[in-house]
Amino acid sequence: MSSEQQVEIRAVTEGEQLEWLRCSRRTFLYPKTVTAEHVEHRRPTWEGQRLTGAFDGDRVVGTYRSWEWSLPVPGGAGHSVLTDHISTVTVAPTHRRRGILTRMITADLSAARERGVPLAYLVAGEAPIYGRYGFGAAVAGQTLTVRVPASLAHVPTGTEGIRVELVDDADLRAEAPVLFAAVAAARPGAVLRTERFWDEALGLAPGPGDDATAARPALIARDASGAAVGVARYRAQESWQAMRHDTTLEVHDVFAATPAAQAALWQHLLSMDIVDRLRITERPLDDPLPELLADRRDALAGEGSDHLWARLLDVPAALEARGWLGPAGSCVLEVHDALGIAGGRWRLDVADGLATVTTTTADADVTCDVGALSAAYLGETSLVALAAAGRVRGDAAAVGRLSAQLAWQPTSWPTIGHF
Ligand SMILES: CC(C)(COP(=O)(O)OP(=O)(O)OC[C@H]1O[C@@H](n2cnc3c(N)ncnc32)[C@H](O)[C@@H]1OP(=O)(O)O)[C@@H](O)C(=O)NCCC(=O)NCCS
């Protein structure tokens, strides 16, 4: 038996969860000791999720976690697909490069396809890992740093009617989850949030070692009727040098129901006293913030990167589930999948904002690997750009039309999120 076959891949029992968590945190170089308390804290999150381990004898040498969860796709609120979310992917440094990840991920993707799940989704720790398994970089994120004070040159109609209140994180528990769900539903690729996420994020379920006394300021924007229409959450990194402040506000969550509510939140944050800069994380690439500023160079984009990677498992189901903005038209699309999960040739008819996908033997107009189509599926990555990189083949007019059809213009800009 080869050494990699001696490693068994299987579901983790409750009694093995501590070693499983230890393996993942050690591999991610987590700087603290993992205890049974950490497992207890994670257990509500793991409820209903699949925890897989790679076992060398009774030692855990690999971890993998996946679960089904809805993902917003192009088409506006109401368009979503059940998606295999994947996280906690590690293989111990002692066992790397023996095919253990390949065994864990191919089994999971095939099983998800068997269950009828059309898409898989993950945050890639390193860009070269997941392309070989058919994933494509679908949703980018960026960090914006804005010098404060900065003035807004433009504000959308209605901004003056929004009132901004300063509260603590925990005060958001009733209103923020409902508001976020509505805002994120209209943002393809936004990571939806569970009740448990909110309890942890708002400090209501502190984990071992968490500082329960840390200040957790937040803003809530209300319209004239008093309804919550926007939220921002931040932490101050305060510093003083020779009696002068040098303070960064880490804005780690912003979402709003309307452009006016969003602008009102920025207006407040950009004019705060004793703040020198905002550092705003996980922003979509099309964030309108720089367009609001009197000097758009006050907002510096940095640390931009591919963020979330998608993987089509069922091409017809996924394409028919999303909405289509672009021109009506038809093409024959051939998709290759080295893992044998999602390949095929289909006729794609786009009309009236919907697609119909039917199997065909006609010659293909556009051919690509599943990773390229997966990258373009959520409407952000250009198929034309993928063709320019040699990842999509076909007549330029057919590729151009399909690219325009796949593209999407989001109308909400929540924090993209991660998991
Ligand atoms: C990334 C990781 C899970 C890979 O596990 P593994 O069991 O070593 O992967 P495999 O042996 O199945 O590798 C399969 C292929 O992917 C390649 N590969 C794996 N990790 C890679 C990486 N980080 N960069 C480039 N290529 C990588 C391997 O070289 C191998 O290529 P080959 O088939 O051409 O030989 C593991 O190295 C790890 O835990 N790293 C640290 C934590 C981490 O980054 N996790 C992922 C977070 S999203």
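The values are calculated or read from the model by the stated rules, or taken from the named source; none is laboratory data. In this text the structure is predicted, and so the values were computed from the model without any measurement. Every residue, glycine as well, gets a Cβ built from its backbone with ideal geometry; the counts of neighbours run over all protein chains shown. Ligands, DNA and RNA are stripped out before the accessible areas are found, and what is left, the full protein with its side chains, is counted by its heavy atoms. Shrake-Rupley method; radii C 1.70, N 1.55, O 1.52, S 1.80 Å.
Hey, does region 237-244 have a residue that's among the polar types (S, T, N, Q) and closer than 27 Å to Pro284 by Cβ? Yes: region 237-244 contains one or more residues that are among the polar types (S, T, N, Q) and closer than 27 Å to Pro284 by Cβ. Taking Tyr121 as the residue in question, decide whether it is within 16 Å of the ligand (Cβ to nearest atom), closer than 20 Å to Arg65 by Cβ and over 15 Å from the mean Cα position of the chain (by Cα). Criteria not met by Tyr121.
Taking the conditions exactly as written (more than 23 Å from Ser374 (Cβ to Cβ), more than 16 Å from the ligand (Cβ to nearest atom) and over 18 Å from the mean Cα position of the chain (by Cα)), does Pro31 satisfy them or not? The answer is no for Pro31. Scanning region 114-130 for residues that are open to solvent by 40 Å² or more (accessible area, probe 1.4 Å), of a type outside the set (A, V, I, L, M, F, W, C) and closer than 22 Å to Glu380 by Cβ turns up Gly125, Glu126, Pro128. When region 366-411 is filtered for residues that are among the hydroxyl-bearing types (Ser, Thr, Tyr) and either out of contact with any Asp or Glu (no Cβ under 6 Å at 6 or more places or on another chain) or under 14 Å from Trp309 (Cα atoms) (or both), the ones remaining, listed by number, are Ser374, Tyr377, Thr381, Ser382, Ser403, Thr411. Restricting attention to region 292-313, the residues that are assigned to a loop (DSSP other than H, G, I, E, B) and buried (at least 20 other Cβ atoms within 10 Å of the Cβ) total 1.
Among the residues of region 360-386, the ones that are open to solvent by less than 30 Å² (accessible area, probe 1.4 Å), out of contact with any strand residue (DSSP E or B) (no Cβ under 7 Å at 6 or more places or on another chain) and more than 18 Å from Ala127 (Cβ to Cβ) come to 1 in all. Being touching a residue at least 24 places away in the same chain (Cβ under 8 Å) and open to solvent by 20 Å² or more (accessible area, probe 1.4 Å) is the filter; apply it to region 103-113 and report the residue that is farthest from the ligand (Cβ to nearest atom). My answer is Arg113.
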